[in-house]
Amino acid sequence: MARKRLMLSIVALAASALLFVFATFAWWQVSDIVNVEGGVVNVGDIDVSTTLYESDDYVVFTETDEIAFHTVPGATTYYKLSVTNNSNVTVDIKTALSGFLDGYPAGASSTENYAAGQSLLDVTYIDITNSLTSENINYTLMRNLLPSGVDPAQASITLISSIPLPAGETVDIFFSFTIGGELAGNDYQNLRLDIVSLDVQAAV
């Protein structure tokens with residue numbers, strides 16, 4: 001099992017989440033980040049290990065313990081989640097980002113935009129591919145991937161819905177975040193978005 005450090009702004013939801021990663025995005029403002037040891041990949045009755053990598057150019061990836069992407073409009077931060085099947089049978093896995101919480105950075109100069117209901121979900125694009133299947137999501141606003149009528153705090157964005165992963169094999173799941181420069185203006189300053197968990201679990 002691989003250990004991850006949590007990047008906390010709230011207490012992690014335990015439940016069925018199998019890999020906890022907190023993401024914090026402060027719009028044009030630095031926010032406080034606290035790294036806490038203890039994030040554990042817990043995959044129940046399937047035996048997989050994971051490693052998370054980050055890149056600014058999609059060429060060189062460096063192992064990382066957190067998700068914290070660029071808040072400059074137009075800049076893209078890339079991530080690779082490598083999942084290895086350690087068992088002796090094929091396992092069908094799925095991955096998702098779950099729980100989206102709007103807020104504002106500690107020490108924000110103003111909370112006006114947050115109070116007005118602005119959300120980085122409305123201006124942040126996500127792109128998703130993987131190394132084994134053709135399943136992908138191309139440069140889509142995160143808001144558009146959330147189910148209608150469901151509180152984002154209780155919702156998920158699926159990275160991969162199903163990958164039959166043979167024994168001993170590894171799948172690389174690539175995802176990136178870009179804040180849309182054509183969408184984000186001053187009315188999106190001093191905002192924060194927390195993603196509660198990055199889940200890796202058996203597809204059912």
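Readers should treat all values here as calculations from the given coordinates under stated rules, not as data from a laboratory. Worth saying up front: this structure is predicted, and the values here are computed from it rather than measured. Neighbour counts run over all protein chains shown; Cβ positions are idealised from the backbone, glycine included.
Across q = 0.11, 0.19, 0.20 Å⁻¹, region 62-204 modelled as identical point scatterers on its alpha-carbon atoms has Debye log10 I(q)/I(0) values of -0.46, -1.17, -1.26, in the order of the q list. Could you calculate the FRET efficiency of Asn86 with Thr62 from 1/(1 + (r/R0)^6), where r is the beta carbon distance between them and R0 is 22 Å, rounded to 0.05? The formula returns an efficiency of 0.40 here.
Cα convex hull, region 149-200: 141 Å³ per residue, rounded to a whole number.
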